[in-house]
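Structure first, commentary second.
The values are calculated or read from the model by the stated rules, or taken from the named source; none is laboratory data. What you see is a predicted model; the values in this text were computed from it and never measured. Please note: Cβ atoms are built from the backbone with ideal geometry, for glycine as well, and neighbour counts cover all protein chains shown.
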Amino acid sequence: MTEPIRWGIAGTGSIATQFATALANVDDAVIGAVASESAERAAAFAQRFDIESTHVGYDALAADTDIDVVYLASTQDRHLRDLLTFVAGGRNVLCEKPFALNVSQAEQMFAAAAAADVFVMEALWSRFLPSYVKIAELVAEGAVGMPRIVEANFSIQVPEAERPTHRLWDPAKGGGAILDLGIYPVQLAHLVLGAPEVVHAEAVVNADGIDEQTAIMLRHSGGAMSLLHTAVATRGSCSAKIFGTQGAITLAPFFHATNSLRLQRSSGTEELSFPDASLHFQVPEVHRCLREGLKQSPAMPHAETLSLLTTLDEVRRQIGVRYPAE
C-alpha cells in the first residue's frame, strides 16, 4: 500500500483552515504538522484537526524532515520570504495564489527551488476543479468552435467598516483587487486564449495605492479578446462567459469556484453540474508529482505562473500600483 503524503500547514488563517478541512477528502493525505508565529494559534489549529506536531515559526517547520510537502498559506507579501525558508530546508511547497507579488520574485523563488531540487507549485486551485477540467476539454475539442471572447467579472464589496483592518485594503499585504481577485479572471483568459499579446488597463486607485476596481482588456493571438473586471469596493456579477464561433460556455457565479456550466450550441443548450468546489482537487496532482519525482506540475507549470504574473505586472504598471514589499 502506498504510504500517505505528510503535509505541513504554514499558517492558521481562513485559507489554511479551508485547506486542512479539504484534505479530509484525500485518502492518502495526512497533516503531520502546523506552524504559526503564535504558539496558541498553532495549538488550537492542531487540536481542531488532530495534528500531532506544532511549530512556532516557519523555520522549525522547514527543518521538520517528517513532512513531505508544505502548504504555504501566508499572505502574498510574505510568499517570497516564506517559500525561500522552506526550500532552503529541503521542503516541497504548494504556495497559495497569487504565487508572488511580481515576476521578479517568482523567478527568484523558482530558481531557489531548482537549486534545492524540490517541488514547487502555485496553488491555483480553480484549474484543478472538475468544472475547469471540463472547460479545458470542451475548448480543446472545439465544442464551441474557436474561442474568440472571454468575459469575466470577480468583484466584491468589502464593507467600509472593515476596510481599515482588512488585508485587501492594506498595500503592505499586497492588497487591492488586481492580485488577490484579478488573478481569477486573468487565469481564465490565459486558460482559454493563451497569454495576451496586448494589455490595456484602467483603474480607480485610492490615496493608499489600493486599486478599488480595475478593468482589463487583453488581445490574444488571432484577434481573440478578453474583457475582465475586478473590484474590492463594488459588488459585481462574479460570473464568466466564453464565446466561440459556434457556441458559448457560461460559468455560474462564483465563476472561479463554479460547479455549474451552461453549454450553448446550435444543437441546443446543455446544463452541466459538478461536485462543489474544494481546495482538495489540486492535492492528487501534488501527490503524483512527488511520487514521480517531478519538480513542477505539467498541469500548473512554473512557466504558467510566470506568464500570469507577467500580465498582472503589466496591468499594475499601467494603473500605477506598486506594493511596499516589492
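Residues are listed down the side, and each one gets a yes or a no for (1) touching a Gly at 6+ places or on another chain (Cβ under 8 Å); (2) assigned by TED's automatic domain parsing to the domain that holds His79; (3) of a type in the set (S, T, N, Q); (4) at pLDDT 95 or above:
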site	(1), (2), (3), (4)
Thr234	no, no, yes, yes
Ala257	no, no, no, yes
Gln264	yes, no, yes, yes
Leu272	no, no, no, yes
Glu292	no, yes, no, yes
Thr305	no, no, yes, yes
Check your understanding: List, please: which pairs have Cβ atoms under 8 Å, are six or more places apart or on different chains, and start with a residue in the stretch 79-90 that is at positive phi and end with one that is outside any helix (DSSP H, G or I)?
Key -> Gly90/Thr65; Gly90/Val118
Check your understanding: Which residues, counting only those in the stretch 2-30, are under 21 Å from the mean Cα position of the chain (by Cα) and not small (Gly, Ala, Ser)?
Key -> Trp7, Ile9, Thr12, Ile15, Thr17, Gln18, Phe19, Thr21, Leu23, Asn25, Val26
**Study point:** Subset of the stretch 85-114 (residues that are outside any loop (DSSP other than H, G, I, E, B), of a type in the set (S, T, N, Q) and under 23 Å from Arg127 (Cα atoms))
**Key:** Asn92, Gln105
Check your understanding: What is the residue count in the stretch 164-198 for residues that are surrounded by 18 or more Cβ atoms within 10 Å (Cβ to Cβ) and of a type in the set (D, E, K, R)?
Key -> 3
Point to revise | Residue list for the stretch 302-326, filter: more than 19 Å from the chain's Cα centre (by Cα), part of a helix (DSSP H, G or I) and in contact (Cβ under 8 Å) with a residue 60 or more places away in the chain | key: Gln318, Ile319
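Being outside any strand (DSSP E or B) and not aliphatic (A, V, I, L, M) is the filter; apply it to the stretch 54-63 and report the residue that is farthest from Glu37 (Cα to Cα).
Let us first name the residues in the stretch 54-63 that are outside any strand (DSSP E or B), namely 57-63.
Checking the rest, the ones that are also not aliphatic (A, V, I, L, M) come to 57-59.
Numbers: Gly57: 5, Tyr58: 8, Asp59: 10 Å.
Among those that are outside any strand (DSSP E or B) and not aliphatic (A, V, I, L, M), it is Asp59.
For the stretch 204-228, name all the residues that are assigned to a strand (DSSP E or B), in contact (Cβ under 8 Å) with a residue 24 or more places away in the chain and under 22 Å from the mean Cα position of the chain (by Cα). Talk me through it step by step, then tell me what you get.
Keep residues of the stretch 204-228 that are assigned to a strand (DSSP E or B), which gives 204-205, 211-219, 225-228.
Next, only the ones that are in contact (Cβ under 8 Å) with a residue 24 or more places away in the chain stay: 204-205, 211-214, 216, 218, 225-228.
Asp211, Glu212, Gln213, Thr214, Ile216, Leu218, Ser226, Leu227, Leu228 - these are the residues of the stretch 204-228 that are assigned to a strand (DSSP E or B), in contact (Cβ under 8 Å) with a residue 24 or more places away in the chain and under 22 Å from the mean Cα position of the chain (by Cα).
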Study note, to complete from the structure: Checking Asp66, Asp77, Asp82 in turn, the sole residue that is assigned by TED's automatic domain parsing to the domain that holds Gln108, at pLDDT 95 or above and not in a helix (DSSP H, G or I) turns out to be Asp66
Exercise for review: List the number of the failed condition for Phe243; all other conditions in (1) in a helix (DSSP H, G or I); (2) more than 25 Å from Ala106 (Cβ to Cβ); (3) among the aromatic types (Phe, Trp, Tyr) hold.
Suggested key: (1)
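Before we move on, is Thr230 buried (at least 20 other Cβ atoms within 10 Å of the Cβ), polar (S, T, N, Q) and closer than 25 Å to Leu261 by Cα? Before you say what the answer is, go through the steps one by one.
Numbers: buried (at least 20 other Cβ atoms within 10 Å of the Cβ): yes; polar (S, T, N, Q): yes; closer than 25 Å to Leu261 by Cα: yes.
Answer is yes for this residue.
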